[in-house]
Structures are given as C-alpha cells and as structure tokens.
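Take a look at the structure below.
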Amino acid sequence: MTGTGRFVSLSPATGAELAGYPVHGQQEVSAAVGRAREAAKGWARAGWSGRRAALLTYKRALAARTGEIAAVVAAETGKPDHDARSEVLLAVIHLDWAARHARRVLGRRSVAPGLLSAHQRALLAYRPLGVVGVIGPWNYPVHTPMGSIGYALAAGNGVVFKPSELTPGTGVLLARIWAETLPEHADLFRTVTGQGPTGEALARSGVDKVAFTGSSGTARKVAAVCAESLTPLVAEGGGKDAVLVGGDLDDAGLDRAAEAVVWGAMSNAGQTCAGVERVYAVASVHEELCERIVRRAKQVVTGPAETETAGTESADGSRDPHYGPLTLPSQPAKVEHHLKDAIAAGARVLLGGPESVRAPYVHPVVLADVPEDSPVMREETFGPVVAVNPVRDLDEAVERANASPYALGAAVFSGSRRTGEEAAARLRAGAVSVGSVLGFAAIPSLPFGGSGESGYGRVHGADGLRGFAAPQAITVRRFAPLADLTSYATP
Ligand code: NAD
C-alpha cells in the first residue's frame, strides 16, 4: 500500500505549523529497505577501515552542523538550544565510539577449540544482519536513534529510520547530512516519515532487525508484528527511575544528591526515559533532603525563551530557560491528572501542584509521602515532577525501587562507595549510577537497556554492536589423521 497524503509537524511552544512531510506507506518503506539492502553490498566492500573512515566523516559533518541540527530539534521538541546541542554532542560521541570499536568487537578472531577438537581451528566472525529498521521517539530525536543507527551502520548494516511524527524534520536532516557527506553510500541510510502505521510498515518490511525506542505500549505492538515473521527486536521502552539516598551522607553529599535529583527530574522537562521520577530517602535525612530539593527546584526556570531572566546561557549569549514546554500536546493533562490523583491519595505537596501545569509549560513540582500505588509512583509521569518518599533503610529503598514494573536506570547516593555499590548490585535496573544520576548516558562503551516494562535487549557499547550482527562459527580442519584419532580417544 502506498502512503496517503502528508502530515505536518507542529511547534510545541506555539502550536504553529513547522513543515509538511509525506506519509510513507508499505510500498515506499519496502522500497527504501530494498535500496538500503543493495547499498549494503558496497558497504561490505568498503571493509572495516573504509566503513570506519566513512562513519568518522559523517560524525565530523554532524558535529560541524550542530547548530543547524539543534535548531530543528529545538523547533520540533521545544527544548532550549543548549539541550538540543548537547544531544547532538551525545550522538556524535556514540557514532565516534561505534566507528572506532566495530572491528575490535566484531572482527574475525580465533577462539580456543576445546578438548575434543584439538585439530580444528575455531574462528568466530560477526556478520552484518542486512538492513536494520530503526523506529525512534521524539524526546531525544538525535541521541536516541543514533544509539542504534550508528552501531548498526558500524556493524556493516544498512538502516531505514522512522523518526517520531513529532520530530520528522530531525530524522530527515540526519539522513540528508549522510547523503550529502557520503553520496557513494547515499542509499545505505534513509529516513521514511509518517505516524504509527509507517512504523508498523517498517516492522513488516522484511528488515533483518527492528530497533525500537518509545513507549512500552507501542513496544508491545511492534513485538507482536515482529513475532509474525520472527524478526529480531531490541525494544527500548519507558522507565520510572528511582534514586536511593542513604542515611550516612555528610552535608556535602546530601547537597550533591539534591542537586542531582533536581537535574535528573527536571531537565528536558522530565521527558527522559531514564529521568528521575522517584526518590527513596532514609528517614533520618528525608526532611532535610526534601528541603534542599525544593530550594534548588525553585531556581529552575521554564517558559518561552527570552521572556525569562534566569536559565542557561545559550550559544548566542542569550538566556534560555532550563527547559521548555512539554512536547506532546496531551502530556500536560496527563501530568495534572497524576498530580491530582496523588494529592487526593494523601501526598504532601512541597513545591507547585496541579496549578504548575500551564500548558504547554509545566513548572517544577516536588511531592513527598506519595502512596506507592498511585500513578505518580507506578506509571511514567514524563513531566518535571519528583516524588520523595521516606524509607527505613537502604534495604527498604531497594525493595521499593524494585517493585516498579519498569527497570531501566537507577541511582544510589550513600556515605560510602561500598554501601552504594552493594545497593546498586541489588537493584533491578539495566544501568545504575553511584554518586550521580544518568552517569551512564554519556558513556558509549556501556550497554543501555532495561527489563520488564522497560523492554529488552541492549543498545550502545560492545553489546550494542553485537546486537546488530550475527555471530558465525567457523571451523577449519587441519589435515592430521593420526593425531586426530588419538585426540578423540583421550579427551
Ligand atoms: P511512542 O511509543 O508513542 O512512539 C515511538 C515511535 O513508534 C514513533 O516513531 C511512533 O510513530 C512509532 N509507532 C507508533 N505506533 C506504532 C506501531 N503500531 N508500530 C510501529 N511503530 C509505531 O513513544 P514516544 O511518545 O515517541 O516516546 C516517548 C517514550 O519513549 C517514553 O515512554 C520514553 O520513556 C521512551 N523512551 C525510551 C528510551 C529508552 O532508551 N529506553 C529512550 C527515549 C524514550
């Protein structure tokens, strides 16, 4: 089926139309996959060093055009310039790592043959899968998809990318820069545009793997489609990350924890899969931590750019708010519903409240003593809201953190690194930061992903590279018939 019509992207800040894009249907999506598959032959011929050089050229082009990319990201998501620029930087860091490490991680190597096969050489090679379909979200429209695109390309694959319908311009620009920079490989990485059905068409197009990032509900739908054709899937879903704060923190440690909680909860308006949404603080420091969190959260500024005096200095020297509007038009109402529900169930409001929701902006909200069964504790709120609950000790904090259906990231602040690491080891989370929040996001050599409602599989790092490759076992027999017999007889 061909796509029907066009759709427009909107500014979350003003609701104004930004640009129109085609809705690609099955026919166009499958054609893009076919072209990427054909282009992958030339990519294979380029070899490890040719691919590395090409990817580093693309990386340099992205870095050189940061301002241009950030402007599109800022228009489509509403995030301030400094945030948009930092996600381009993160994407560049991932691309650089994937390009430089692909050969080391995936290149052919000898492995020990084991007792029974002394006369065979055992080799292991990681072959490209073919074409990877990448389906992305809007909240980090450069960084998140590049965590799959960069690694899939470095592993030798072609890529077809379906960006979120909220951020199509960003997706189109990433592929355009690729084609302009590497015209000889233009078809290897292509973008298709549209809403959910275009993503579904990509999952049905015969791609060799789907790399999905988005909500857990959509992950289920994509998994069901992939199951029909046994197409492998890495599913990066939502999160409900917890920060654990121990009782043995000194004054400076408590300050660092408060600062990290506010940054982790409020940056990008709380629209981060691994953002901080829950805090469990040992009772002896709970009230003091709450006070410090509130004090800092009061300094966090949102609202339209240039109307605020505080905030962060942007590239042109003007002041940006710390964060912008919520990107999804329906999200402020959801945040308001979560807040009212928690308050009705007995939560204490320490800062803001339902009146903080002034769509499309939501000012910082800090809650305490929120019942664990309330949506604020169980579901993704995806707004600048943090709930700080008291616990008896770190054991109880671990128990409560692990009771979430999500298991993406977590963090621990405690007086000693040892207690922090011990608590971290007991956390059901794909990534844990000790003494910071989201520390793992900027380190490309670390795998990223979760379990439960947060999905399955990993992107980034060596595991991410291997996820876009098929291991091939190769044995090469030496001609040594007599020795062979004796070795089989005496294992
Ligand atoms: P979403 O699930 O609404 O959409 C994600 C993508 O899936 C979009 O491109 C969308 O068009 C596409 N899609 C929708 N229906 C589809 C279908 N039936 N088949 C195939 N594709 C379909 O998510 P969103 O609102 O764009 O993103 C926010 C969510 O993403 C949050 O839950 C957030 O936590 C999560 N997220 C997770 C990570 C991670 O790495 N775990 C990173 C960023 C965002």
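The values are calculated or read from the model by the stated rules, or taken from the named source; none is laboratory data. Everything numeric in this text was worked out from a predicted model, so none of it was measured. Here the Cβ positions follow ideal geometry from the backbone for every residue, glycine too, while neighbour counts run over all protein chains shown.
For the range 225-260, the set of residues classified as over 29 Å from residue 280 (Cβ atoms) and either buried (at least 18 other Cβ atoms within 10 Å of the Cβ) or within 16 Å of the ligand (Cβ to nearest atom) (or both) consists of 225, 226, 227, 228, 229, 231, 232, 233, 234, listed by residue number. Kindly evaluate residue 177 against the criterion of being among the aliphatic types (A, V, I, L, M), part of a helix (DSSP H, G or I) and over 22 Å from residue 231 (Cβ atoms). For residue 177, the condition - among the aliphatic types (A, V, I, L, M), part of a helix (DSSP H, G or I) and over 22 Å from residue 231 (Cβ atoms) - is met. Being more than 20 Å from residue 294 (Cβ to Cβ) and either modelled with pLDDT of 95 or more or within 16 Å of the ligand (Cβ to nearest atom) (or both) holds for only one residue in 371, 390, and it is 371. Kindly indicate the residue of the range 346-368 that is without any contact (Cβ under 8 Å) to a residue 60 or more places away in the chain, crowded, with 16+ Cβ neighbours inside 10 Å and part of a loop (DSSP other than H, G, I, E, B) and also farthest from the ligand (Cβ to nearest atom) among those meeting that condition. Here the answer is 353. Checked against (1) in contact with a Phe, Trp or Tyr (Cβ under 7 Å, 6 or more places away or on another chain); (2) over 30 Å from residue 225 (Cα atoms), residue 132 passes all but a single condition, namely (2). If I ask for residues that are in a strand (DSSP E or B) and in contact (Cβ under 8 Å) with a residue 12 or more places away in the chain, which ones from the range 11-47 would you list? Result: 18, 19, 20, 21, 22. Selection of the range 342-368 for residues being more than 20 Å from residue 290 (Cα to Cα) and of a type in the set (Lys, Arg) yields only 358. Looking at 88, 159, 134, 92, just one residue is closer than 15 Å to residue 178 by Cα and outside any helix (DSSP H, G or I), and that residue is 159. Considering 415, 383, 420, the condition of being outside any helix (DSSP H, G or I), modelled with pLDDT under 95, farther than 30 Å from residue 115 by Cα and not hydroxyl-bearing (Ser, Thr, Tyr) is satisfied by 415 alone. With respect to residue 192, determine if the residue is within 21 Å of the chain's Cα centre (by Cα) and closer than 26 Å to residue 17 by Cβ. Judged against the criteria, residue 192 is a match.
Yes/no per residue for (1) among the acidic types (Asp, Glu); (2) assigned to a loop (DSSP other than H, G, I, E, B); (3) buried (at least 24 other Cβ atoms within 10 Å of the Cβ):
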residue	(1), (2), (3)
84	no, no, yes
99	no, no, no
121	no, no, no
139	no, yes, yes
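Assess whether residue 198 counts as being assigned to a helix (DSSP H, G or I), within 9 Å of the ligand (Cβ to nearest atom) and closer than 23 Å to residue 378 by Cβ. Answer is no for this residue. Scanning the range 265-289 for residues that are more than 20 Å from residue 405 (Cβ to Cβ) and of a type outside the set (D, E, K, R) turns up 266, 267, 268, 269, 281, 282, 283, 284, 285, 286, 289.
Selection of first residues in the range 207-224 that are within 19 Å of residue 159 (Cα to Cα) and near the ligand (Cβ under 7 Å from one of its atoms) and of second residues that are hydrophobic (A, V, I, L, M, F, W, C) and in a helix (DSSP H, G or I), restricted to Cβ pairs under 7 Å at least 6 apart or on distinct chains, gives the following pairs, ordered by first then second residue: 212/219; 212/222; 222/203. Scanning the range 440-477 for residues that are modelled with pLDDT under 95 and either outside any strand (DSSP E or B) or in contact with a Gly (Cβ under 6 Å, 6 or more places away or on another chain) (or both) yields 440, 441, 442.
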